[in-house]
Amino acid sequence: QVQLMESGGGLVQPGGSLSLSCEASGSIFRIVAMGWYRQGAGTQRELVATVNAGGATEYADSVKGRFTISRDNAMNPVYLRMSNLKPEDTDVYYCNGRIYSSRSQWNEYWGQGTQVTVPS
């Protein structure tokens, strides 16, 4: 009933910048929190950054000072601005949301992912 779709991935040279977007659609009553995660083949998915409805943010230590999460009003869409990219940032980036589709019904949702590649 709710869909998340990422966009903006691509190949960026080390030290470059890239911005990702996540658009939520469907039956959205209220968005509690949105975030970005990343995962490579054979690895565990790890948190990159999150933002809640009150505006509080959280970042992984590896991206602090380089990545910024932001969102428009109503928490949709959400963005991830990445700068000073490094080869170790290469991964598939996934959008995540904790979203109420009605006053009493909520779920966790994931996008399909977008590839970010930073060559060494």
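The values are calculated or read from the model by the stated rules, or taken from the named source; none is laboratory data. Quick caveat: nothing in here was measured; it's all calculated off a predicted structure. Cβ coordinates were reconstructed from backbone atoms using ideal geometry, including for glycine residues, and neighbour counts include every protein chain displayed. The area values use the complete protein model at the heavy-atom level, side chains included, leaving out ligands, DNA and RNA. Shrake-Rupley method; radii C 1.70, N 1.55, O 1.52, S 1.80 Å.
Some points to look at:
- Separation of alpha-carbon centers, the range 58-120 and the range 1-39, rounded to whole Å: 5
- Over all distinct Cα-Cα pairs of the chain, the Kirkwood formula returns a hydrodynamic radius of 14.4 Å.
- Take the range 12-81 with all the other protein chains still there, run a 1.4 Å probe, and you get 52 Å² of accessible area per residue.
- Within the accessible area of the chain, the carbon and sulfur atoms contribute 45%, probe 1.4 Å, all protein chains present.
- Take each peptide in 84-90, 70-76, 34-40, 20-26, count the other Cβ atoms within 10 Å of every residue, and average; sorted highest first, the result is 34-40, 20-26, 84-90, 70-76.
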